[in-house]
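What follows is calculated from the coordinates using simple rules that are stated; it is not laboratory data. Note that the structure is a prediction, hence the values are computed from the model and not measured. Cβ sites come from the backbone with ideal geometry, for glycine too, and all protein chains shown count toward neighbours.
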Amino acid sequence: MTHLAAKACRIDLRTTRQQKSFIERGAAVQGQNLTDFVLSSAQAKAEMVLADQKEFVLPPAKWEAFIAALDRPANHHDRLARLMSEPSVLERK
């Protein structure tokens with residue numbers, strides 16, 4: 001696939017001047033042009049949103065091991081339980 005074929009589709013966006021300026025500053029910090037910055041950001045967000053929608057296939061033996069791991073009771077860790085029950089650093093006064 002050639003570079004031109006890879007960029008054959010368009011996405012048109014409307015934005016405020018402030019939003020565009022802010023996004024341009026972010027792109028500059030990353031060393032990217034506006035188009036590459038917006039596309040890479042949108043791609044990353046789409047990947048996160050769709051991550052739990054993906055299907056994965058395992059060979060039967062690995063599938064059984066996966067299911068067994070999911071069915072195993074969780075291990076209790078006293079230090080972790082204590083940590084999770086205490087206020088976070090941001091919540092402490």
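If the viscosity is 0.890 mPa s and the temperature 25 °C, what translational diffusion coefficient in µm²/s does Stokes-Einstein give for the range 11-85 when Rh comes from Kirkwood over Cα pairs? The Stokes-Einstein estimate is 143 µm²/s. Each Lys or Arg adds one and each Asp or Glu subtracts one; over the other residues with Cβ under 14 Å from the Cβ of Glu24, this totals +2. When the helices of the chain are scored as -39500 (n - 2.57) per DSSP H run of n ≥ 4 and the total is divided over every residue, the value at 222 nm lands at -18000 deg cm²/dmol. Between Ala68 and Gln30, the FRET efficiency from the beta-carbon distance, with R0 = 41 Å, is close to 0.45.
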